[in-house]
1. Which condition breaks for Ile261 when tested against (1) out of contact with any Phe, Trp or Tyr (no Cβ under 6 Å at 6 or more places or on another chain); (2) surrounded by fewer than 21 Cβ atoms within 10 Å (Cβ to Cβ); (3) modelled with pLDDT of 90 or more?
2. What's the number of the condition Val17 fails, among (1) farther than 30 Å from Gln252 by Cβ; (2) at pLDDT 90 or above; (3) not basic (Lys, Arg)?
3. Test of understanding: among Gln314, Gln283, which residue is at pLDDT below 90 and open to solvent by less than 50 Å² (accessible area, probe 1.4 Å)?
4. List the pairs whose first member sits in region 212-226 and is in contact (Cβ under 8 Å) with a residue 60 or more places away in the chain and within 16 Å of Ser101 (Cβ to Cβ), whose second member is open to solvent by 40 Å² or more (accessible area, probe 1.4 Å) and in a helix (DSSP H, G or I), and whose Cβ atoms are under 8 Å apart, counting only residues at least 6 apart or on separate chains?
5. Within region 221-253, how many residues turn out to be under 21 Å from Ser176 (Cα atoms) and of a type in the set (A, V, I, L, M)?
6. I'm trying to understand the selection: among the residues of region 164-187, which are open to solvent by less than 10 Å² (accessible area, probe 1.4 Å) and over 19 Å from the mean Cα position of the chain (by Cα)?
7. Give the residue, chosen from Ala33, Ala50, Ala65, Ala25, that is at pLDDT below 95, within 30 Å of Leu264 (Cα to Cα) and either open to solvent by 100 Å² or more (accessible area, probe 1.4 Å) or more than 29 Å from the chain's Cα centre (by Cα) (or both).
Amino acid sequence: MSVQDGALMNMQAAAEVPLTTSRQAPGQSGHAAPDRARKRIPYGQWAAGALILATLGAFAWSQAANEKLDWPSVAQFMFHPAILKGITVTLELAVFSMLISVVLAFGVALMCQSRNRVASAVGKLYVWFFRGVPLLVQILIWFNLAVLYPTILGRDTNELISGFTAGLCALSLAESGYMAEIIRGGILAVNKGQTEAGLSIGLTRGQALRRIVLPQTIRVIIPPTGNQFIGLLKASSLVSAIGGSDLLTQTQLVYGQNFKIVPLLIVATVWYLVLVSVASVGQYFLERRFNPEGVPARLTIRGFFTRRPPGQQQLRKAGQP
């Protein structure tokens, strides 16, 4: 064997030795643990976190110790009958408006995607108008509809269009303009080849839409739909401009009598935060329910705040990184 052949064999043997194997002392048996880099302690992150917590704590203490906020009055009116009635009306406005807007938006989205140019133009005009006009303006127009039409179907318009009805109509139509674009985006997210495949096996275009496109569209539109519902909960406060009996309207009626403006506004703020938090939890469950992996909707604190994709959770349970 030549010197070159011996050197080549030594190089091959050295290449086959795993890089993660650590050296062992003579006579030491067993598998050696891989060499690991020493983890650095993130002093900078700890200091930044401590500074943020200290700032938040100081702000919270200053607010808790502020006598002008009148915290006893906040606790007194937190479950006042008028406030609870306003919460009920706010929920009714948000839920009914979202249901009506989804139905309208589905039809408008199909019109925008239609091959009929007239239907497509009308759908796009609908979206352009109701997304362009401010919501408060729409509420005021509906509330003053009697100026244009004193009677509707032989009945007084002022009797038909109350503050609640005007708010419901305005919220539904305004929201349908946004939801139409969300649904249209969900339909466009599905590959057209799947529709063509459905048509090739004998399905009609309506059946392909119902059985193939819509189930996939739902998963796409749930996150933005949940966001729009949360926006509706807050936008319902604009109904207070016409006395729609919502949460903010009832709050204004109460502090108009006792002049405790700031404590009552704090009460309204707390309840809006509670409603938004409940809606966020509901959105979390819906997203888990319609996820493609079919992971059961189980709420955990870490999972709610990190929003880890379900596929990663399955890999972690299986022992993979």
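1. Here Ile261 meets the rest and fails (1).
2. (2)
3. Gln283
4. Pairs that qualify, where the first residue is in contact (Cβ under 8 Å) with a residue 60 or more places away in the chain and within 16 Å of Ser101 (Cβ to Cβ) and the partner is open to solvent by 40 Å² or more (accessible area, probe 1.4 Å) and in a helix (DSSP H, G or I), are Ile222/Leu286; Ile222/Glu287; Thr225/Val102; Gly226/Leu286; Gly226/Glu287.
5. Total satisfying the criteria: 8.
6. Within region 164-187, Ala166, Gly167, Ala170 qualify.
7. Ala65
For every residue, the table says whether it meets (1) at pLDDT 85 or above; (2) in a helix (DSSP H, G or I); (3) open to solvent by less than 60 Å² (accessible area, probe 1.4 Å); (4) touching a strand residue (DSSP E or B) at 6+ places or on another chain (Cβ under 7 Å).
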| position | (1), (2), (3), (4) |
| --- | --- |
| Ala208 | no, yes, yes, no |
| Ile230 | yes, yes, yes, no |
| Ala241 | yes, yes, no, no |
| Thr251 | yes, yes, yes, no |
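The values are calculated or read from the model by the stated rules, or taken from the named source; none is laboratory data. Small disclaimer: the values here were computed from a predicted structure and weren't measured. Glycine gets a Cβ as well: all are built from the backbone with ideal geometry, and neighbour counts include every protein chain shown. Each accessible area value is taken on the protein alone, full model and side chains, heavy atoms only, with ligands, DNA and RNA left out. Shrake-Rupley method; radii C 1.70, N 1.55, O 1.52, S 1.80 Å.
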